[in-house]
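The values are calculated or read from the model by the stated rules, or taken from the named source; none is laboratory data. Fair warning: this is a prediction, and the values are worked out from it, not measured in the lab. Here the Cβ is made from the backbone with ideal geometry for all residues, glycine too, and neighbour counts use every protein chain on show. Note: accessible area is taken over every heavy atom of the protein model, side chains too, but ligands, DNA and RNA are not part of it. Shrake-Rupley method; radii C 1.70, N 1.55, O 1.52, S 1.80 Å.
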Amino acid sequence: MKPWAPRSLTVRLALLFALATLLTFSLVGSYLYYSLARQLESHDDQELLGKVTLMRHLVGKAGSVQAIRDDPHLFMDAALGHNDLLLILRSADGVPLLDTQPGAGSLPRLPLTAIDQTPDRKSRKNLRTSAGMPVRATALWGLIDRTGEQVQIIVAHNVSDSQAMLASYRQQILGAALSGALLAALLGYVLVRRGLRPTRLIAQQAHSITAQRLDLGLDVASAPDELQQLVVAFNSMLDRLHESFQRLSQFSADLAHDLRTPINNLMVQTQVALAQPRSTEDYQGLLVSNVEEYERLARMLDNMLFLARADNAHVAVTREQLDCSQELQRIADYFEGVAEDSGVRLDISGTGNLYADPMLLRRAIGNLVANAIRYTPAGQVIRLEAQQQAQGSNIRISNPGIQIAEAAIPRLFDRFYRADPARSDSASSAGLGLAIVQSIMKLHGGQVELSRSADQQTVFTLYFPNQDA
């Protein structure tokens, strides 16, 4: 915004109305002014042409140049009653014969229209006499029929009254334009302020919305049609903020719970150990137990740091072409010992390539496989499958086990969320694994989906788009 521009939209619109009115009145006034000026000039030209024709006729009937000099009354009678008319007659060599108003001053030299021609528009000039009188004048040659002598005929019309009328008219137009602009500004201010009343009502509604009342929203029905899209967008933003605040509150509660457990363990174990003298073996056991809790805290903080960096796009993603079968086999080999201890088996199938960051891919699949091993009954099989498509590649991790409640599915990828309300497995899981999987897929421009197969298998599908998709 320019520094001189008013901050008030009402004032700005009122000034624009005033400017538009001033411009309109000025254009219309200018048109009327020049129309009047042309009409007055045309009237003067007709009078000039009539007088010039009459004077040429009288010169033709005169006896001689000397007769005109001796008795000019005939010409003076023709100009009688026309006080604003100037008539000047000169001989062919420029000797003055007649001047009806010598006090008006002399005229500049004018081009003379030939004897056989009628004065045209170009021959009529707007001039000022030596005394400062504004006139519209024309000049032509006249011929005395009897002697053949030529006479210079100069006729001028005093246009002082016309110019005064135009000056007054110009002032009236200017006053009308300024008055109209001022009236338009006042009316515009009142009308715009009244028209913007719904925006003030919306602002009042917005002022009543607080962090604890984000679910109120704005009344769409009370907003004018032009602002309804803005109100709908604002309400959608409030819904997103409300959901984010709820997630943040839940995240804070979950974080406090998950951090409190290992810290309490460390505190209680240490206090018990210090309550009385212990053997070296007891202190060593305490330190081993504390190290496990510290490692758990370190893993939790590492995962939280990764999620924070992923949310702010600070995780570098280096995508390269990977062989699906080799990557799945690598992960199966890594979890082979854990799977055997849990009594489950990993089955690998699929071919093709995918474009992904190797470390992030293994972390995402590893989190899903770890969850599958945790919740798969002994003696069952966990399947890792890869399928290449035209636009990308799918990695599917499926396992049998307890079905996930439908109500838990929308929040399954939230941080610190566990489908088990009792948190019975909080010691081995911080509830960040699936959130990390979702962040990794977003970094790759892909997505993760949870579904249930026909044979009641829990299926997580990772979709990785091609490099040129």
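Quick notes
- Annotation for segment 198-205: at least one member residue is of a type outside the set (Val, Ile, Thr), farther than 30 Å from Leu27 by Cβ and in contact with a Pro (Cβ under 8 Å, 6 or more places away or on another chain).
- Qualifying residue in segment 152-168 (condition: within 24 Å of Val65 (Cα to Cα), out of contact with any helix residue (DSSP H, G or I) (no Cβ under 6 Å at 6 or more places or on another chain), assigned to a strand (DSSP E or B) and of a type outside the set (Gly, Ala, Ser)): yes
- All strands (runs of 3 or more DSSP E) inside segment 81-146 with 2 or more residues being touching a residue at least 40 places away in the same chain (Cβ under 8 Å): 85-91, 134-143
- Residue, farthest from Ile115 (Cα to Cα), within segment 54-67, restricted to residues that are surrounded by 14 or more Cβ atoms within 10 Å (Cβ to Cβ) and free of Cβ contacts under 8 Å to residues at least 24 places away in the same chain: Ala67
- Residue within segment 254-262 that is over 38 Å from the mean Cα position of the chain (by Cα), loosely packed, with under 12 Cβ neighbours inside 10 Å, modelled with pLDDT under 75 and farther than 30 Å from Pro198 by Cβ present: yes
- Test set (1) at pLDDT below 85; (2) outside any loop (DSSP other than H, G, I, E, B); (3) basic (Lys, Arg) - Arg418 fails condition number: (2)
- In segment 32-43, the residues that are closer than 13 Å to Arg136 by Cβ reach residues that are in a helix (DSSP H, G or I) and hydroxyl-bearing (Ser, Thr, Tyr) with C-beta atoms within less than 7 angstrom, at least six apart or across chains, in these pairs: Leu40/Ser162.
- In segment 365-381, the residues that are surrounded by fewer than 18 Cβ atoms within 10 Å (Cβ to Cβ) form Cβ pairs under 8 Å with partners that are among the acidic types (Asp, Glu), at six or more places apart or across chains, as follows: Arg374/Asp425; Val381/Asp347.
- Condition met for Arg374 (at pLDDT 90 or above and either under 22 Å from Thr351 (Cβ atoms) or in a helix (DSSP H, G or I) (or both)): no
- Only listed residue being open to solvent by 60 Å² or more (accessible area, probe 1.4 Å), assigned to a helix (DSSP H, G or I) and modelled with pLDDT under 80, chosen from Leu301, Leu307, Leu287: Leu301
- Pair list, Cβ < 7 Å and 6+ apart or interchain, from segment 168-195 residues that are within 10 Å of Phe17 (Cβ to Cβ) to residues that are of a type in the set (S, T, N, Q) and in a helix (DSSP H, G or I): Ala181/Thr21; Ala184/Thr21; Tyr189/Thr10; Val192/Thr10
- Candidates Leu266, Leu241 - the one that is out of contact with any strand residue (DSSP E or B) (no Cβ under 6 Å at 6 or more places or on another chain), under 22 Å from Ile209 (Cβ atoms) and part of a helix (DSSP H, G or I): Leu241
- Inspection of segment 1-13 finds a residue satisfying the criterion of being more than 20 Å from Thr118 (Cβ to Cβ) and of a type in the set (Val, Ile, Thr).
- Taking every residue in segment 439-468 that is part of a helix (DSSP H, G or I) and pairing it with any residue that is among the polar types (S, T, N, Q), at least 6 positions away or on another chain, the pairs with Cβ-Cβ distances below 8 Å are Met441/Gln447.
- Residue check for Leu354: assigned to a helix (DSSP H, G or I), touching a residue at least 12 places away in the same chain (Cβ under 8 Å) and either surrounded by 14 or more Cβ atoms within 10 Å (Cβ to Cβ) or not hydrophobic (A, V, I, L, M, F, W, C) (or both): no
- Residue match in segment 14-31 (condition: of a type outside the set (A, V, I, L, M), surrounded by fewer than 19 Cβ atoms within 10 Å (Cβ to Cβ), under 22 Å from Ala164 (Cβ atoms) and touching a strand residue (DSSP E or B) at 6+ places or on another chain (Cβ under 7 Å)): no
- The set of residues from segment 134-157 being within 60 Å of the chain's Cα centre (by Cα) and over 14 Å from Leu110 (Cα atoms) comprises just one member, Pro134.
- For segment 196-227, a residue qualifies if it is without any contact (Cβ under 8 Å) to a residue 60 or more places away in the chain, closer than 30 Å to Leu19 by Cα and open to solvent by less than 60 Å² (accessible area, probe 1.4 Å), and the qualifying residues are Pro198, Thr199, Ile202, Ala203, Ala223, Pro224, Leu227.
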